[in-house]
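For reference, the structure discussed in these notes is given below.
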Amino acid sequence: MIVVAILGIISAVAYPSYVEYVLESRRGDAHKALLMVMQAEERFYNNSGTYSYTTTLGGAAGTGLQLDVVGGAFQTEDATYNITAAACGAGIAQCVQLTATAIGDQAEDTDCATITYQSTGTKGGTSGLNCW
(Lines give C-alpha, C1' and ligand atoms only; values in the text may rest on other atoms or scores of the structure.)
Protein backbone atom coordinates (compact mmCIF):
# COMPACT_ATOMS: atom_id res chain seq x y z
CA MET A 1 0.00 0.00 0.00
CA ILE A 2 2.87 2.35 0.80
CA VAL A 3 4.44 1.58 -2.58
CA VAL A 4 1.22 2.53 -4.36
CA ALA A 5 1.05 5.80 -2.42
CA ILE A 6 4.67 6.63 -3.28
CA LEU A 7 4.08 5.84 -6.96
CA GLY A 8 0.99 8.07 -6.90
CA ILE A 9 2.96 10.97 -5.47
CA ILE A 10 5.79 10.54 -7.96
CA SER A 11 3.30 10.35 -10.83
CA ALA A 12 1.50 13.46 -9.65
CA VAL A 13 4.77 15.39 -9.78
CA ALA A 14 6.36 13.82 -12.86
CA TYR A 15 3.45 13.79 -15.32
CA PRO A 16 2.82 17.57 -15.42
CA SER A 17 6.56 18.14 -15.90
CA TYR A 18 6.58 15.65 -18.76
CA VAL A 19 3.59 17.31 -20.44
CA GLU A 20 5.26 20.74 -20.14
CA TYR A 21 8.47 19.32 -21.63
CA VAL A 22 6.60 17.85 -24.61
CA LEU A 23 4.76 21.13 -25.28
CA GLU A 24 8.00 23.13 -25.14
CA SER A 25 9.87 20.67 -27.36
CA ARG A 26 7.20 20.93 -30.07
CA ARG A 27 7.93 24.65 -30.36
CA GLY A 28 11.04 23.60 -32.26
CA ASP A 29 8.78 22.20 -34.99
CA ALA A 30 7.16 25.63 -35.30
CA HIS A 31 10.58 27.31 -35.50
CA LYS A 32 11.65 24.92 -38.25
CA ALA A 33 8.46 25.51 -40.24
CA LEU A 34 8.64 29.30 -39.82
CA LEU A 35 12.22 29.35 -41.08
CA MET A 36 11.34 27.07 -43.99
CA VAL A 37 8.39 29.21 -45.07
CA MET A 38 10.42 32.41 -44.63
CA GLN A 39 13.11 30.99 -46.88
CA ALA A 40 10.44 30.34 -49.52
CA GLU A 41 9.08 33.88 -48.98
CA GLU A 42 12.57 35.29 -49.58
CA ARG A 43 12.91 33.31 -52.81
CA PHE A 44 9.48 34.57 -53.87
CA TYR A 45 10.55 38.13 -53.01
CA ASN A 46 13.73 37.80 -55.08
CA ASN A 47 11.70 36.66 -58.09
CA SER A 48 8.74 39.05 -57.83
CA GLY A 49 9.86 42.06 -55.76
CA THR A 50 7.19 41.50 -53.12
CA TYR A 51 6.37 39.04 -50.39
CA SER A 52 3.29 36.84 -50.60
CA TYR A 53 0.14 37.22 -48.50
CA THR A 54 -0.77 33.62 -49.13
CA THR A 55 1.11 30.63 -47.87
CA THR A 56 0.92 29.16 -51.35
CA LEU A 57 3.63 31.69 -52.33
CA GLY A 58 2.30 32.05 -55.84
CA GLY A 59 2.64 28.33 -56.41
CA ALA A 60 4.56 26.26 -53.92
CA ALA A 61 5.99 24.10 -56.69
CA GLY A 62 8.20 26.96 -57.86
CA THR A 63 9.51 27.64 -54.37
CA GLY A 64 10.58 24.14 -53.47
CA LEU A 65 8.39 24.35 -50.39
CA GLN A 66 6.94 21.02 -49.31
CA LEU A 67 4.38 21.56 -46.54
CA ASP A 68 0.81 20.33 -46.25
CA VAL A 69 -1.86 22.96 -46.83
CA VAL A 70 -4.92 22.54 -44.63
CA GLY A 71 -7.67 25.16 -44.60
CA GLY A 72 -5.50 27.76 -46.33
CA ALA A 73 -2.59 27.44 -43.89
CA PHE A 74 0.52 25.31 -43.90
CA GLN A 75 0.74 22.80 -41.08
CA THR A 76 3.90 21.60 -39.43
CA GLU A 77 4.84 17.99 -40.18
CA ASP A 78 3.33 16.74 -36.93
CA ALA A 79 0.19 18.92 -37.32
CA THR A 80 0.80 20.89 -34.12
CA TYR A 81 0.93 24.36 -35.71
CA ASN A 82 -0.73 26.23 -38.60
CA ILE A 83 1.56 28.68 -40.41
CA THR A 84 0.01 31.81 -41.95
CA ALA A 85 1.44 34.89 -43.67
CA ALA A 86 0.37 38.54 -43.32
CA ALA A 87 1.77 41.98 -44.09
CA CYS A 88 3.85 43.80 -41.48
CA GLY A 89 3.31 47.51 -40.81
CA ALA A 90 5.29 48.49 -43.93
CA GLY A 91 3.00 46.52 -46.25
CA ILE A 92 3.45 43.20 -48.00
CA ALA A 93 5.86 44.61 -50.60
CA GLN A 94 8.35 45.44 -47.85
CA CYS A 95 7.69 43.00 -45.00
CA VAL A 96 5.89 39.75 -44.23
CA GLN A 97 5.07 38.29 -40.82
CA LEU A 98 4.66 34.56 -40.46
CA THR A 99 2.62 33.27 -37.53
CA ALA A 100 2.63 29.74 -36.16
CA THR A 101 -0.61 29.10 -34.26
CA ALA A 102 -0.78 26.07 -31.98
CA ILE A 103 -3.52 23.56 -32.83
CA GLY A 104 -4.72 20.27 -31.38
CA ASP A 105 -2.98 19.16 -28.19
CA GLN A 106 -0.34 21.86 -28.68
CA ALA A 107 -3.00 24.52 -28.06
CA GLU A 108 -2.54 23.67 -24.36
CA ASP A 109 0.78 25.56 -24.61
CA THR A 110 -0.82 28.86 -23.59
CA ASP A 111 2.59 30.48 -22.99
CA CYS A 112 3.35 30.25 -26.71
CA ALA A 113 0.00 29.77 -28.44
CA THR A 114 1.42 31.86 -31.29
CA ILE A 115 5.02 32.24 -32.47
CA THR A 116 5.89 34.94 -35.00
CA TYR A 117 8.77 35.68 -37.36
CA GLN A 118 9.11 38.71 -39.64
CA SER A 119 11.20 39.13 -42.77
CA THR A 120 12.98 41.93 -40.88
CA GLY A 121 14.33 39.27 -38.51
CA THR A 122 12.03 40.21 -35.62
CA LYS A 123 10.94 37.19 -33.60
CA GLY A 124 8.11 37.03 -31.08
CA GLY A 125 5.21 35.12 -29.69
CA THR A 126 2.56 35.07 -27.02
CA SER A 127 5.29 35.37 -24.37
CA GLY A 128 7.67 37.41 -26.51
CA LEU A 129 11.14 36.01 -27.14
CA ASN A 130 10.57 33.28 -24.55
CA CYS A 131 8.84 31.39 -27.36
CA TRP A 132 12.12 31.28 -29.27
Only listed residue being surrounded by 17 or more Cβ atoms within 10 Å (Cβ to Cβ), of a type in the set (S, T, N, Q), touching a residue at least 12 places away in the same chain (Cβ under 8 Å) and under 12 Å from D29 (Cβ atoms), chosen from T84, T76
T76
Pull up the stretch 89-101, narrow it to residues that are free of Cβ contacts under 8 Å to residues at least 40 places away in the same chain and under 17 Å from the mean Cα position of the chain (by Cα), then point me to the one that is farthest from K123 (Cα to Cα).
T101
Which pairs do you get when a residue that is under 16 Å from T110 (Cβ atoms), found in the stretch 6-25, comes within reach of a residue that is of a type outside the set (G, A, S) and at pLDDT 80 or above, reach meaning Cβ atoms under 7 angstrom, with the pair 6+ apart or on two chains?
L23/Q106; L23/E108; L23/D109
Residue by residue through the stretch 32-55, note down the ones that are touching a strand residue (DSSP E or B) at 6+ places or on another chain (Cβ under 7 Å), within 20 Å of T110 (Cα to Cα) and surrounded by fewer than 18 Cβ atoms within 10 Å (Cβ to Cβ).
none
Output the qualifying pairs, or none if there are none: Cβ atoms under 6 angstrom, residues six or more apart or on different chains, first residue in the stretch 121-132 and farther than 19 Å from C95 by Cβ, second residue of a type in the set (D, E).
S127/D111
If you take the residues of the stretch 103-129 that are in contact with a Lys or Arg (Cβ under 8 Å, 6 or more places away or on another chain) and crowded, with 17+ Cβ neighbours inside 10 Å, which of them is nearest to G49 (Cα to Cα)?
Y117
Where in the stretch 58-132 are there strands (runs of 3 or more DSSP E), lying wholly inside it, with at least 1 residues that are at pLDDT 85 or above and polar (S, T, N, Q)?
81-87, 96-102, 114-118
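The values are calculated or read from the model by the stated rules, or taken from the named source; none is laboratory data. Being a predicted model, the structure only gives us computed values, none of them experimental. Counting neighbours? That spans all protein chains shown, and the Cβs are built from the backbone with ideal geometry, glycine included.
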